[in-house]
Amino acid sequence: MDHAALHRGVAELCARDPHLARVVERHGPPPMWGRPPGFSTLIKIILEQQVSLASAKAIYRRLQGTAGRVTAHRIARFRDTEFRLSGLTRQKSAYCRNLARWVVEGRLEFAMLERLEDDEVRERLMQVPGIGPWTADCYLLMALRRPDIWPPGDLALIKAAQEVRRMRRRPDGETLERIVRAWSPWRAVGARILWHHYLSVRKKA
């Protein structure tokens, strides 16, 4: 997905969904957030699991400081003490080490992922211990820029959907899935609009 596709998706979703249209009217179209595909980006997404972006960014900086450069070969050789000094939990240390070893051993090739369909990318990534649906879909959305991806269980998206649709309670997974299904083939654009709302509202506050 490029900038032209993003704006086309925004226009189509605004025509379909008045709640998203109000967000775009209030805050403008969402930015084209993106990350370079590869090992370091997937490490960052793993670190972002169930923590704030600020916390994950701080941990990544410490990891980078310890490693010099965050590459698969360097992280695969990390000892437990080095992970602890970087601020990683035992669980996330294992996840990062697993990913690094898969890359070093040739079981996961990032260049190949770019040529696969969404479901194939998701299946390949989720074979790595520590990578679940949210992590795989965030990589598809942010690094590979696929247009029809929705990261399940993303707390910011759940909260944003509740606010935008003025729901009394946070929508459960089934309710949100039903809402989001109507946005296909632009579910990643819908996610960007909701993230844009979430960040814009909190920045003003």
Just one of (1) 20.8, 66; (2) 17.8, 53; (3) 16.0, 48 is Rg and Dmax of the Cα atoms in Å as worked out from the coordinates here. Which one is it? (2)
Would you mind telling me which residue in A191, A143, A15 has the biggest mean-square fluctuation in a Gaussian network model of the chain, where springs connect alpha carbons within a distance under 10 angstrom? A15
Alpha-carbon centroid distance for the pair region 74-117 / region 136-205, whole angstrom: 27 Å
Whole-Hz Karplus ³J(HN,Hα) for region 103-120, in order, using 6.51 cos²θ - 1.76 cosθ + 1.60 and θ = phi - 60°, x for Gly and Pro? 5, 4, 7, x, 7, 9, 10, 5, 4, 5, 4, 5, 9, 8, 6, 3, 5, 5
Checking L157, L140, L53 against a Gaussian network model of the chain (alpha-carbon springs below 10 Å), the top fluctuating residue turns out to be L53
Looking at the chain as a GNM with Cα springs under 10 Å, which of G28, G190, G87 has the largest mean-square fluctuation? G28
Set of lysines with alpha-carbon distance to K92 below 16 Å, sequence-local pairs under 8 removed: K44, K57
Which lysines, on any chain, are close to K203 with Cα under 16 Å apart, when same-chain ones fewer than 8 places away are left out? K159
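Starting from 0.36 nm per residue, how many nanometres of slack lie between A111 and R169 once their C-alpha separation is accounted for? Display every interim value, and only then the final one.
Numbers: separation 58, 0.36 × 58 = 20.88 nm, distance 4.16 nm.
Going from the current span to full extension adds 16.7 nm.
Would you mind putting 166-178, 95-107 in packing order, based on average other-beta-carbon counts within 10 Å, highest first? All intermediate terms of the calculation are to be shown ahead of the outcome.
On the way: 166-178: 11.2, 95-107: 17.9.
In decreasing order of mean packing, 166-178, 95-107 become 95-107, 166-178.
Every number here is computed from the coordinates shown, using simple stated rules; none is lab data. All figures in this text were calculated on a predicted structure; none of them were measured in a lab. Quick reminder, even Gly has a Cβ in these numbers, built from the backbone with ideal geometry, and neighbours come from all protein chains shown.
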